[in-house]
Amino acid sequence: MEDMEARAHRLDAEDPGHRDLFHVPPAEGGDYPETAYLAGNSLGLQPRAVRHELLEELDAWARLGVEGHLEADRPWLPYHELLREPAARLVGALPDETVVMNSLTVNLHLLMVSFYRPAGERTLIVVEDTAFPSDSYAVRSQAAFHGLDPDLTVVRTDDPLATIREHGDRIALVMLGGVNYLTGELMDIPAITAAGQAAGAIVGWDLAHAAGNVPLRLHEWGVDFAAWCSYKYLNSGPGAVAGAFVHERHTGADLPRFEGWWSTEPATRFEMAPVSRPPRSADAWQVSNPPILAMSPVRASLELFDKVGMTALRERSERLTAFLQSLLDPTGVAVVTPRDPARRGCQLSLRVGDAGGLSKTLRHRYGVIADSREPDILRLAPVPLYSTYHDCWRAAAAIAREEKA
Ligand SMILES: Cc1ncc(COP(=O)(O)O)c(C=O)c1O
């Protein structure tokens, strides 16, 4: 009978990804030259195209100085326009609903300035009980900013629909992770959005672990707002520039916003007028001029998503993750991520004794990069763009060995 490693090699031959488009770090230990990199849910690998693209902007800066704003091959002044459509396609949004800017938590704050409007009895913010700490701190500080007690205002739940049913008329904002960072669970974004809105709340999503991982249709689902980062599945580099979505029904609305010179219509930007004239688009939420050197890798990366397509990626992702699950099942290690492919992205989260210790051992003894989250979760994310079936086999074989030891 074919052994599992041979099977992994056969599957890689039959169902290859696009690993050759990425730099895969060399392994620090184990029997193979390359890392089995399963930490793309934390920091995606560098696309080979990025270096060249970034050097082009550095060259333009060297050659043109300030004139690069208008005369670079990709002029910097309207540079963020280049990212709008690919980002919109990725999250299922209209171009005018989408903007690439800032970092994720900054975007969540800028959006909450507009969309968290506590009034009367309607003050609560609902987050998941395993919300990422940055989101927790963000919503608590928003409550405090409005003079509310965060302990009484932020409701943490493991069942958002039940919480919406129970507290509906007191909820101002539901803000959840589309894919939970810890468990890898994919939330029912359309159902929760509809339920929250039916109860009179605004519903926003943190899509850090969803963008580039699962297909999204934010416009069609009627999501009020969303934000995501670009350094995980979007492979745009550490601290890469993030994305934001505002549904078109809100883009022209009279909402409070924090503004800067990038919030005004581009044609009015150099009028040097004291009052802004914001466009009827997500661009109105921009504040500062965009960091071109940081946006260049995002542009190069989004191009890959356009080339390969989210549908094809998702199909390969389901096959890879199912393969990893089938290898983990016989080890007896507890997988806390839902088994149903419709309720998860690519990540599998394992409950293990010493997750931090195990992830170090995997790296140094086997050349497998996974990551751990307190207190006992090991996260493995086979990323369909560059991970292989053989990476999955290496991770599962190493875990089986270590958990038995
Ligand atoms: C779910 C989630 N939200 C927010 C953040 C924080 O992102 P940033 O530091 O880019 O604001 C992260 C970072 O990993 C995350 O996983």
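The values are calculated or read from the model by the stated rules, or taken from the named source; none is laboratory data. Note that the structure is a prediction, hence the values are computed from the model and not measured. Using ideal geometry, Cβ is built from the backbone for each residue, glycine included, and neighbour counts are taken over all protein chains shown. Ligands, DNA and RNA are excluded from the accessible area calculation, which covers all protein heavy atoms including side chains. Shrake-Rupley method; radii C 1.70, N 1.55, O 1.52, S 1.80 Å.
Amide H to amide H distances under 5 Å link Thr157 with Val127, Glu128, Asp129, where only residues 5 or more positions off or on other chains count and H is placed in the peptide plane. Counted over the chain, the DSSP beta bridges are approximately 55% antiparallel.
Under 21 Å of direct C-alpha separation, and excluding same-chain neighbours fewer than eight residues apart, Lys307 reaches these lysines: Lys232. Between Ser230, Ala195, Thr268, the Cα set farthest toward the positive side of the dipole of the stretch 142-278 (charges on each charged residue's Cβ, about the Cα centre) is that of Thr268. May I ask you to list the residues of the stretch 284-323 whose amide nitrogen lies under 11 Å from a point 7 Å from Cα along the Cα→beta-carbon direction of Val66? Zone members listed by number: none at all. Which of rounded, prolate, oblate describes the chain, given a ≥ b ≥ c as roots of the alpha-carbon gyration tensor eigenvalues and a/c under 1.5 marking rounded, otherwise prolate only if a/b is larger than b/c? Oblate, since a/c reaches 1.5 and b/c is not below a/b. When only Cα pairs below 8 angstrom with a gap of at least 6 residues are kept, the stretch 33-170 shows a relative contact order of 15 percent.
Listed by chain and number, the aspartates and glutamates whose alpha-carbon sits under 15 Å from that of Lys360, ignoring those within fewer than 8 places in the same chain, are Glu28, Asp371, Glu374, Asp376, Glu402, Glu403.
Phi-derived couplings, Karplus 6.51 cos²θ - 1.76 cosθ + 1.60 at θ = phi - 60°, listed residue by residue for the stretch 87-95: 5, 5, 4, 5, 10, x, 10, 7, x Hz, with x used for Gly and Pro. Restricting the GluC sites (Glu not before Pro) of the stretch 1-41 to loop positions (DSSP other than H, G, I, E, B) with no more than 13 neighbouring Cβ atoms within 10 Å leaves Glu2, Glu28.
A Förster distance of 35 Å, applied to the separation of the beta-carbon atoms of Phe270 and Glu248, puts the FRET efficiency at 0.80.
Farthest toward the positive end of the dipole of the stretch 291-403, out of Tyr389, Thr361, Ala312, is the Cα of Ala312, where the dipole comes from beta carbon charges about the Cα centre. Using the Cβ-Cβ distance between Leu255 and Ala198 with R0 set to 30 Å, the FRET efficiency works out to roughly 0.90.
Evaluated on the stretch 73-143, the Kirkwood hydrodynamic radius is 14.5 Å, with distances taken between all distinct Cα atoms. Accessible area of Phe270, 1.4 Å probe, to the nearest 10 Å²? Roll a 1.4 Å probe over it and Phe270 shows about 120 Å².
Look at the Cα gyration tensor of the stretch 264-405: its axes a ≥ b ≥ c give a/c of at least 1.5 with a/b over b/c, and that counts as prolate. Taking the Cα centre of the chain as reference, the dipole from Cβ charges on Lys and Arg (+1) and Asp and Glu (-1) amounts to some 200 debye. Taking all Cα pairs closer than 8 Å and separated by 6 or more residues, the relative contact order of the chain comes to 24 percent.
Simple spin-label estimate for Arg48 and Asp129 gives 4.8 nm between the two label positions (7 Å along the Cα-to-Cβ direction from each Cα).
For the stretch 20-173, a/c is not less than 1.5, where a ≥ b ≥ c are the root eigenvalues of the C-alpha gyration tensor, and a/b does not top b/c. That puts it in the oblate class. For GluC sites (Glu not before Pro), the sites in the stretch 77-130 that DSSP calls loop and that have at most 13 other Cβ atoms within 10 Å are Glu121. Summing Cβ point charges (Lys, Arg +1; Asp, Glu -1) relative to the Cα centre of the stretch 254-396 gives a dipole of roughly 400 debye. Computing the accessible area with a 1.4 Å probe over protein heavy atoms, can you report the carbon and sulfur percentage for the chain? The computed percentage sits at 54. Accessible area per residue (1.4 Å probe, heavy atoms of protein chains only) ranks Trp221, Trp261, Trp61 as Trp61, Trp261, Trp221, with the largest value leading. Projected label points at Ala119 and Ser141, each 7 Å from Cα along the beta carbon direction, are separated by 2.6 nanometres. For the chain, adding -39500 (n - 2.57) for each run of n ≥ 4 DSSP H residues and dividing by the number of residues yields -11500 deg cm²/dmol at 222 nm.
Farthest towards the positive end of the charge dipole of the stretch 1-55, among the residues Val24, His52, Leu38, is the Cα of His52, using unit charges on the Cβ of Lys, Arg, Asp and Glu. Karplus-derived 3J(HN,Hα) values for the stretch 307-313, using 6.51 cos²θ - 1.76 cosθ + 1.60 with θ = phi - 60°, are 5, 8, x, 5, 5, 5, 5 Hz; glycine and proline are entered as x.
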